[in-house]
Amino acid sequence: MTVPQPHGATCPNCGAPVRFLWAQAVQTTCAYCKSVLVRRDLDLAKVGEQADFPATGSPIQIGTEGRWRERTFVVVGRLTYAWSRGRWNEWHCIMNDGRSAWLSDAQLEYAMTVEIGASSDMPDVNQVQVGERYTWGDTTYQVATITTAFYVGTEGELPFTSYDNSTSRFIDLTSPDGRFATIDGSERPPLLYLGEYLGFDELAFRNLREFEGW
């Protein structure tokens, strides 16, 4: 695939080089001092500090490549969320056409989505109930799960700032033909992401994290 060309900057906290793989990145984390950095015009500003992530059993990592819907992608960032039953990762991916996508990675279940955006006619996330149905485009989705979660941390490049560790409500919906939707209540109005569940092999991963015994 065509990997995005890195763009250079300097960490305002420690002076280490910061390399952006994605030109449109808004936030990143310094690999040396773990400062959370937000890009403002041509400058980087430190807005916080990232604690070390707990060990993860996921084989996906920054730099992992894959394929979805006949397009290749590279993983450039990660958000980790925690909820009452554990944690999951949302990997920020850049497609080979420059678009942003998200790979959800939870207990060996994978889903790829793209942001459809915020809409004034989105449901109130605090009123949605499991089993309700909503239609976007030509597909009707049914609410499968409702999760209250908060940011554990981030790494790599993201299209937005996420350093406030706020608690958010996430609504996952599915369709009979395997499509997947998420309503992200961290924004007002909430954001909608549409995509599909995929098997591990369907994503044709390369450059995965290696574990002892593989």
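Odds and ends about this structure:
- Highest-first arrangement of 71-77, 30-36, where packing means the average Cβ count within 10 Å: 71-77, 30-36
- Segment 100-172 - Debye-derived log10 I(q)/I(0), Cα point model, q = 0.11, 0.17, 0.26, 0.28 Å⁻¹: -0.35, -0.89, -1.60, -1.54
- Point-to-point label distance, Q129-T167, nm (Cα→Cβ direction, 7 Å offset): 2.3
- To put it simply, the accessible area of segment 67-214 at a 1.4 Å probe is 44 percent carbon and sulfur.
- A 1.4 Å probe run over the protein chains yields, for segment 76-184, 47 Å² of accessible area per residue, whole-number rounding.
The values are calculated or read from the model by the stated rules, or taken from the named source; none is laboratory data. Remember, predicted model here, so these are calculated numbers, not experimental data. Positions of Cβ are backbone-derived with ideal geometry, glycine not excepted, and every protein chain shown enters the neighbour counts. SASA here: full protein model, heavy atoms, side chains in, ligands and nucleic acids out. Shrake-Rupley method; radii C 1.70, N 1.55, O 1.52, S 1.80 Å.
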